[in-house]
Amino acid sequence: MAATDRAMHMGRRETHGQVDFRALDRRERLFMSRMPAELALGMILALVGGSLTRVLPGDVVAAYDPYLYGLLVLGMTRGSPQAGWAALNGALTVAGLAAGHFTAHALDHSESMLSHTGDWKAALSVTLIAFGLTGYLSRRPDTTGDITVGLLSGLLLFTLVAQRAASPSPDVLPAAGSWALLTPLVLGLSMPFLLRPTTGARARTTLTALTCVAASSAALLLPPLL
């Protein structure tokens, strides 16, 4: 009788594989439930940004687009457990951004809906790749996560050097304005500390960012001197 009870109890007990499958199924259902929100958030942000282009100052618009869009993509891909989910989440977010962008242009009767789409598509593609890849890999605790976050931070900081180099005079602010300078500065300095978990990882990420800035700045500034 006792042996029968043990057998029945073992028959009802879930194996580790069953528990893992249930956890994976719950997680996948959670990501699937987030997909409409990703699409809607992207569309709302792009629609609001595109509609306010003629109202907001140019430097505020330059800070809104693409940096706020990039942060949205980063946030949506950061929680993805696998590369496939990260690509799908990033693609849905970008699809929402594209839909909002085209809707804003369609509502603006002074411009064609497809005006300047080539430049915008290129910028959106760079935003998806840079911020989406960083969002996915930033969860890794190893050197890959440090290097990925460091490269994006370095590229954001390098935009300050590039804009300053394009300015006609050291005393004149670049045409993009102060907001477009402040936004990449804040993001570039804060990402190593917000996205990396330990002091050592933050130090390696910061070193990668500084190396990226130094190498990019040298490539930009040295050719005119030679």
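The values are calculated or read from the model by the stated rules, or taken from the named source; none is laboratory data. Everything numeric in this text was worked out from a predicted model, so none of it was measured. Here the Cβ positions follow ideal geometry from the backbone for every residue, glycine too, while neighbour counts run over all protein chains shown. Surface areas here come from the heavy atoms of the whole protein model, side chains and all, with no ligands, DNA or RNA. Shrake-Rupley method; radii C 1.70, N 1.55, O 1.52, S 1.80 Å.
State which residue is modelled with the lowest pLDDT when the search covers only the range 61-110 and only residues that are surrounded by 13 or more Cβ atoms within 10 Å (Cβ to Cβ) and outside any helix (DSSP H, G or I).
Within the range 61-110, the subset surrounded by 13 or more Cβ atoms within 10 Å (Cβ to Cβ) is 61-81, 85-106, 108.
Still in the running and outside any helix (DSSP H, G or I): 79-81, 108.
Details: GLY79: 74, SER80: 76, PRO81: 74, ASP108: 63.
Once the filter is applied, the top-ranked residue is ASP108.
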I need the full set of residues from the range 120-149 which are open to solvent by 50 Å² or more (accessible area, probe 1.4 Å), closer than 19 Å to ALA95 by Cα and either among the polar types (S, T, N, Q) or not in a helix (DSSP H, G or I) (or both), in order please.
SER125
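Residue by residue, here is whether (1) modelled with pLDDT under 90; (2) among the small types (Gly, Ala, Ser); (3) open to solvent by 100 Å² or more (accessible area, probe 1.4 Å) holds:
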| site | (1), (2), (3) |
| --- | --- |
| PRO168 | yes, no, yes |
| VAL172 | yes, no, no |
| LEU189 | no, no, no |
| THR205 | no, no, no |
| CYS212 | no, no, no |
| ALA215 | yes, yes, no |
| ALA218 | yes, yes, no |
